[in-house]
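Right, one structure below, let's go through it.
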Amino acid sequence: MNVLILGAGQLARMMSLASKPLNIQVRAYDVGANSVVDPLNPEVSYGDLNSGIAFANVITAEFEHITHDVLAQCEASGKLKPSSRAIKTGGDRRLEKALLDKAGADNAKHQIIENKADFDHALQTLALPLILKSALEGYDGKGQWRLKETDQADEIWADIEAFFHGSKSTVKQAVIAEQMVSFEREVSLVGMRDIKGNTKVYPLTENHHTDGVLTVSIALNDNAALQAQAQQMFDSIANTLDYVGVLAIEFFQVGDQLLVNEIAPRVHNSGHWTQQGADTCQFENHMRAVCGLPLGSGELVRPTAMINILGEDSVPNAILDIPSVSLHWYGKTKRAGRKMGHINLSAATNQALFERLEKVAMLLPAQAFSDIQEYAQKLVNKG
């Protein structure tokens, strides 16, 4: 079986590594260079997109911000999984909100803003504070504004208008205004759906962010009611999209209720822990799903956490002295804020995991991993 992945970053790399034992041959399409490459050695090139499509039995994607003409060409081949509709929905918050409404998935009260009149209407009908998110091209906290007081409105609108004018997207840009949710924590669910419509999910993960970027995800499997609620919404969304592959859903937890924040039609950063914490990791399960193979188990083998390595090309070797700690580098050139790799760590119990997380955090440079020690200490104290 041959698979072409749209995108040639770390997710394509990890899908390729997970595919080797299954005898699945993987190539990746570098969308910026219009070149098909080996995801484990990007200097090796196999030609352009046409050659990649000819090579592949299946085409899939590692990210959702793919131009519509590329998606149309891949869809026309009959090989694209998930569909271009699903990928576009993950890359456009207008389509995403429409999907959530159709699937009956609860989410924050919102309005779409394409011009000043829409902006003024949102201020009149939605309660402050608001968070405004670009419909396209926004990720890791980018393309977002927070409006807490009405006297900020003119300045924020000027910034949004400049953002509209500077957009390089071939699709008209917009902003989604959401009534800000007072939530206890952010959690996410990574699940998968096969070509027959069967679904499986991993446990909910608790996500910790630093300056709007995910820094820690922890899989605990400690709330059956929330897990069931999340799985019901996953099934509804995945079935509405007729989805094939791994799909991630980020939620806000408000008391006993989950509100969908956003979806990602791909393997997801908050699911990297599955490499050490599940029988079958998310990368292998995505490839199983799109290639028509049976799905692997999503059950938690042991409590596991993931720490993102951002903007650093080294960490102290001493972390590997700690039991059940694994290091995953992406082979990237160092750049401030860039996702360079991640650390997975596991333990027999939740409390032991918290304590192990604290030990790892104490060894990491505080400047580069600014608030992970504090977060780990809170978990230990909370027990």
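In this structure, is GLU178 closer than 21 Å to THR125 by Cβ, charged (D, E, K, R) and buried (at least 18 other Cβ atoms within 10 Å of the Cβ)? When the stated conditions are applied, GLU178 passes them.
Pairs meeting the criteria (first residue in segment 297-314 and among the aromatic types (Phe, Trp, Tyr), second residue surrounded by 13 or more Cβ atoms within 10 Å (Cβ to Cβ) and in a strand (DSSP E or B), beta carbons under 9 Å, at least 6 apart or on different chains) are lacking. The selection criterion, being touching a helix residue (DSSP H, G or I) at 6+ places or on another chain (Cβ under 7 Å), modelled with pLDDT under 95, buried (at least 16 other Cβ atoms within 10 Å of the Cβ) and under 30 Å from GLN367 (Cβ atoms), holds for LEU220.
Residues checked against (1) free of Cβ contacts under 8 Å to residues at least 60 places away in the same chain; (2) assigned by TED's automatic domain parsing to the domain that holds ARG13; (3) in contact with a helix residue (DSSP H, G or I) (Cβ under 6 Å, 6 or more places away or on another chain); (4) not aromatic (Phe, Trp, Tyr):
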position: ASP279; (1), (2), (3), (4): yes, no, no, yes
position: GLY292; (1), (2), (3), (4): no, no, no, yes
position: LEU364; (1), (2), (3), (4): yes, no, no, yes
position: TYR375; (1), (2), (3), (4): no, no, no, no
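Among the residues of segment 255-266, is there at least one that is modelled with pLDDT of 95 or more, outside the structural domain of SER19 (by TED's automatic domain parsing), touching a His at 6+ places or on another chain (Cβ under 8 Å) and under 29 Å from ALA86 (Cβ atoms)? Yes, segment 255-266 contains at least one residue that is modelled with pLDDT of 95 or more, outside the structural domain of SER19 (by TED's automatic domain parsing), touching a His at 6+ places or on another chain (Cβ under 8 Å) and under 29 Å from ALA86 (Cβ atoms).
With respect to the stated conditions, ILE113 fails to be within 25 Å of LYS339 (Cβ to Cβ), surrounded by 14 or more Cβ atoms within 10 Å (Cβ to Cβ) and in contact (Cβ under 8 Å) with a residue 60 or more places away in the chain. Candidates GLY197, GLY212: the one that is surrounded by fewer than 17 Cβ atoms within 10 Å (Cβ to Cβ), under 15 Å from the mean Cα position of the chain (by Cα) and either farther than 18 Å from PHE63 by Cα or of a type in the set (Asp, Glu) (or both) is GLY212. In segment 44-94, of all residues being of a type in the set (S, T, N, Q) and closer than 22 Å to GLU137 by Cα, the one that is surrounded by the fewest Cβ atoms within 10 Å (Cβ to Cβ) corresponds to THR67. A single entry from VAL171, VAL190 fulfils the requirement of being surrounded by 15 or more Cβ atoms within 10 Å (Cβ to Cβ) and either at positive phi or at pLDDT 95 or above (or both): VAL190. Residues that are out of contact with any His (no Cβ under 6 Å at 6 or more places or on another chain) and surrounded by 17 or more Cβ atoms within 10 Å (Cβ to Cβ) within segment 339-349 comprise LYS339, MET340, ILE343, ASN344, LEU345, SER346, ALA347, listed in sequence order.
Of all residue pairs spaced 6 or more apart or on separate chains, those with beta-carbon atoms under 6 Å, a first member in segment 143-161 that is closer than 18 Å to ASP211 by Cβ and a second member that is among the aliphatic types (A, V, I, L, M) are TRP145/LEU132; TRP145/ILE156; ARG146/ILE131.
Within the option set GLU284, GLU299, being assigned by TED's automatic domain parsing to the domain that holds GLY197, touching a Phe, Trp or Tyr at 6+ places or on another chain (Cβ under 9 Å), surrounded by 14 or more Cβ atoms within 10 Å (Cβ to Cβ) and more than 19 Å from VAL216 (Cβ to Cβ) holds for one residue only, GLU299. The single condition among (1) within 18 Å of the chain's Cα centre (by Cα); (2) modelled with pLDDT of 95 or more; (3) surrounded by fewer than 23 Cβ atoms within 10 Å (Cβ to Cβ) that ILE5 does not satisfy is (3).
The values are calculated or read from the model by the stated rules, or taken from the named source; none is laboratory data. From a predicted model like this one, the values you see are computed outputs, not experimental measurements. Cβ sites come from the backbone with ideal geometry, for glycine too, and all protein chains shown count toward neighbours.
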